[in-house]
Amino acid sequence: MNTTISRNTQAAALALALGTALSIAGAPLSSTNAQAADDEKCFGIALKGKNECAAGPGTTCAGTSRIDYQGNAWKLVPKGTCEKTVSPTSPTGFGQLAAYKEKA
């Protein structure tokens, strides 16, 4: 009888752990989608190696920007804040909504 209780307890614990893991894994998906609607790509504000994915030529994905404030590397920021964020390589001195060539 102890073996049956032990197996039932193990099965219940495994089911609970699996259910918890699936719940946690699914939670960020809905918040990420909601957040993405309130964010925009801001070019020229990412520090070296801190850009988001698909930055452009010279980068392959997240974390591949070669220099601070690279003109074709972007970060997600809250809408309306990009062009208020300082970028020393930008022609305007602030983040841009499109990729640009860094000023020297």
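The values are calculated or read from the model by the stated rules, or taken from the named source; none is laboratory data. No experiment lies behind these values; they were computed from the predicted model shown. We place every Cβ from the backbone using ideal geometry, glycine too, and count neighbours over all the protein chains shown.
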Matching residues in region 65-104 (touching a helix residue (DSSP H, G or I) at 6+ places or on another chain (Cβ under 7 Å) and surrounded by fewer than 14 Cβ atoms within 10 Å (Cβ to Cβ)) number 1
Within region 33-64, of all residues that are surrounded by 15 or more Cβ atoms within 10 Å (Cβ to Cβ), more than 19 Å from K79 (Cα to Cα) and of a type in the set (S, T, N, Q), the one modelled with the highest pLDDT is T64
Listed by first then second residue, the pairs whose first member lies in region 39-58 and is of a type in the set (A, V, I, L, M), whose partner is assigned to a strand (DSSP E or B) and modelled with pLDDT of 90 or more, with beta carbons under 8 Å and at least 6 positions apart or on separate chains, are I45/W74; I45/K75; I45/V77; I45/V86; A46/W74; A46/K75; A55/W74
Exercise for review: Go through the residues of region 78-85 one by one and say whether even a single one is in a loop (DSSP other than H, G, I, E, B) and on the phi > 0 side of the Ramachandran plot.
Suggested key: yes
